[in-house]
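In what follows, a structure is listed as structure tokens, so that the remarks can point back to it.
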Amino acid sequence: MPAPLLETKLFIPRTSTHVILRPDLVDRLEQGLSGKFTLISAPAGFGKTTLLSQWLADHERGAAWISLDEGDNDPRRFLAYLVAALNRAGVLIDENLFNSLIAPEALEPAAIATTIINKILASTADIILVLDDYHVITSKVVHQLVSFLLQNMPHALHLLIATRADPALPIAKLRASGAMTELRAEDLRFQDELAEAYLNESHGLSLPAEDSKKLLRRTEGWIAGLHLAALALKQVEQPHDLIDDFSGSHAYIAEYLTDEVFSGLSAQVQKFLLSTCLLDRFCAALCDAVMETDQSQEILLSLKETNSFLVSLDAENYWFRYHQLFSDMLRKRFQTESGLALETIYERASFWFE
């Protein structure tokens, strides 16, 4: 083995006590088992892992689960966890066979995947293979291995990927062939009744319907935002005042978005976000004018592909805006970190609109 394996990466995570059942989404996951692949792609904090943990807790099919991290970009380490997860689900790949798979200096993804597929076919187990946090994977070899597995999927196996960014896999082909089920942020976000039940039943609050709707509008159905708002509400004597003023500059929200989203972006993208966050809506040409650059289109497409709290306003992906709380957080950082003056941004944007 490349290194000792952390066994907890192979366990289905425990669900929180603050969980609302999502029977509509569970039904879609069940229906997706008739195909070969399910993709759950949404920004941080949209409940991807919680939904899967809830669904698989008592599922009749065996689940081979891997919680991925950046270390799994080592193809041998990824393979070690894959084999260990399959072994736990009933597909036995002994140590000698594993060592023969990783022995060549240059790993052969197709040959490795072929051996694994044949082992699955030889077993009697029906398996759901879950690769959680797949957005951390950048290894070309790992992508090739997973792609070959997808293209030659045995009926006994269903692959499910949860990620913050669409993976480098043949998604368009799978979508066109009808072999794929997709859940996105729009599917995961809470609506009125669900948000009210989450705040009042799961968190034990007693908010009137109007206050729940205010928080829902502010968070745009973002589950982590509602959770952090609920935690903050438990610490104040006048919940109504906090709800009226709740924004992305609140300490809980700002810390989460900074740690989980902003800090993981490159310096170039961070500068782009801070320079464009004052715009209520924007397109690549407007961003180019504000920043005096020609790279905005590339950055916007990257932000969209990585689900970085960018909201598309049309089917052509021409106009965009930021998620309301994300925009609040960026505007607070702008005051101390932006390299452009507020007046400069507004002046350049005004000339562009004119």
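Looking at the range 228-330, the trypsin sites (Lys or Arg not before Pro) that sit in a DSSP loop and have at most 13 other Cβ atoms within 10 Å of their own Cβ are Lys234, Arg281. Think of a 1.4 Å ball rolled over the protein heavy atoms: the chain then has 48 Å² of accessible area per residue. The slack in the chain from Ala341 to Glu186, taken as 0.36 nm per residue of separation less the alpha-carbon distance, amounts to 52.3 nm. Of all the options His323, His158, His59, the one that moves most in a Gaussian network model of the chain with Cα springs shorter than 10 angstrom is His59. Spin-label model, Leu5 to Trp352: label points 7 Å out along the Cα-to-beta-carbon direction sit 5.0 nm apart. Pro75: net charge of surrounding residues, Cβ under 11 Å, Lys/Arg +1, Asp/Glu -1, itself excluded? Charge balance in the 11 Å sphere: 0. Measuring nothing but how far apart in sequence close Cα pairs (under 8 Å, 6+ apart) lie, relative to its length, the chain scores a relative contact order of 18 percent.
Candidate cross-link partners of Lys173 among the aspartates and glutamates, defined by an alpha-carbon separation under 16 Å and a same-chain spacing of 8 or more, comprise Glu182. The helix-based estimate of mean residue ellipticity at 222 nm for the chain, built from -39,500 (n - 2.57) per DSSP H run of four or more residues and divided by its residue count, is -14500 deg cm²/dmol to the nearest 500.
Cross-linked pairs Lys213/Lys234; Lys9/Lys271; Lys9/Lys214: Cα-Cα separations exceed 26 Å for Lys9/Lys271; Lys9/Lys214.
The calculated P(r) of the range 1-141, using every Cα pair and 5 Å bins from 0, goes 2, 8, 18, 21, 21, 15, 9, 4, 1, 0 in percent.
Rg and Dmax of the range 56-214, both derived from C-alpha coordinates alone, stand at 19.4, 64 Å.
Considering only Ile112, Ile223, Ile253, the mean-square fluctuation computed in a Gaussian network model of the chain, springs between alpha carbons under 10 angstrom, is largest for Ile112.
The values are calculated or read from the model by the stated rules, or taken from the named source; none is laboratory data. Since this is a predicted model, take the numbers as computed values, not measurements. Positions of Cβ are backbone-derived with ideal geometry, glycine not excepted, and every protein chain shown enters the neighbour counts. The protein model used for the area step is the full one, side chains on, heavy atoms only, and it has no ligands, DNA or RNA in it. Shrake-Rupley method; radii C 1.70, N 1.55, O 1.52, S 1.80 Å.
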